[in-house]
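Enquirer: First, the structure itself, so that you have it in front of you.
Readers should treat all values here as calculations from the given coordinates under stated rules, not as data from a laboratory. Model, not experiment: these values are computed from the prediction. Positions of Cβ are backbone-derived with ideal geometry, glycine not excepted, and every protein chain shown enters the neighbour counts.
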Amino acid sequence: MVKQISVFLENAPGTLSTMTRTLADAGVNLHVLAIADTSEYGVARIICDDPYTAQECLLHEGFSVAMTPVCAVELADTPGALADFLDYVVAHGVDIAYTYCFVEPHTGNAVNIFRLDDPSFEKTIQEAGYRIVSDEDIVTK
């Protein structure tokens, strides 16, 4: 499991800038940033080098923050790799609340972040031969 920081942001000018400046001033390096929004607020999902410091400094600055374990799976960055993996997940009846991905620059593979309704399914994924990525894998590369 990878620790993800979710930050609830008011949909107003400067909010994202304030959040990222807060993290920068605390020495936190962002590795992944994904944002979902509505007309009133957004949710920034962050994978970073120090999730505990990120959570602490953002809470101190008045942001609403949650730390969530998510499943990170490395897949080939080729057509169909994600579709094949999702077929596998569906065949096991596991629901995905949300997903986002990035290409790992050192390997050229896609790292897909999944919020699964059954976190214990990660072991089944690994037993099927998929590579699970850890916090350390993302931070140290």
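Enquirer: I want to check the label-to-label distance for Asp87 and Asp49. Put each point 7 Å from Cα in the C-beta direction and report it in nm to one decimal.
Expert: Here the answer is 4.0 nm between the modelled labels.
Enquirer: Can I ask one more? Net charge around Gly62, counting only other residues with Cβ within less than 13 Å of its Cβ (Lys, Arg = +1; Asp, Glu = -1)?
Expert: -3
Enquirer: Another question about this same structure. Tally Lys/Arg at +1 and Asp/Glu at -1 over every other residue whose Cβ is under 11 Å from the Cβ of Glu10; what's the total?
Expert: Neighbourhood net charge equals -2.
Enquirer: Can you give the Rg and Dmax of the stretch 79-133 based on its C-alpha atoms, in angstrom?
Expert: 11.2, 33
Enquirer: Hey, what D do you get for the stretch 35-115 in µm²/s if you plug the Kirkwood alpha-carbon radius into Stokes-Einstein at 37 °C and 0.692 mPa s?
Expert: Rounded, D is 222 µm²/s.
Enquirer: Turning to a different aspect of this structure: Given the convex hull over the Cα atoms of the chain, what projected area results after averaging over all orientations, in nm²?
Expert: One quarter of the hull surface, i.e. the mean projection, equals 9.0 nm².
Enquirer: Computed FRET efficiency, Cβ-Cβ of His60 and Ser39, R0 25 Å: what is it to the nearest 0.05?
Expert: The calculated FRET efficiency here is 0.35.
Enquirer: Got the relative contact order for the chain handy, in percent, Cα pairs under 8 Å and 6 or more residues apart?
Expert: Reported relative contact order: 27 percent.
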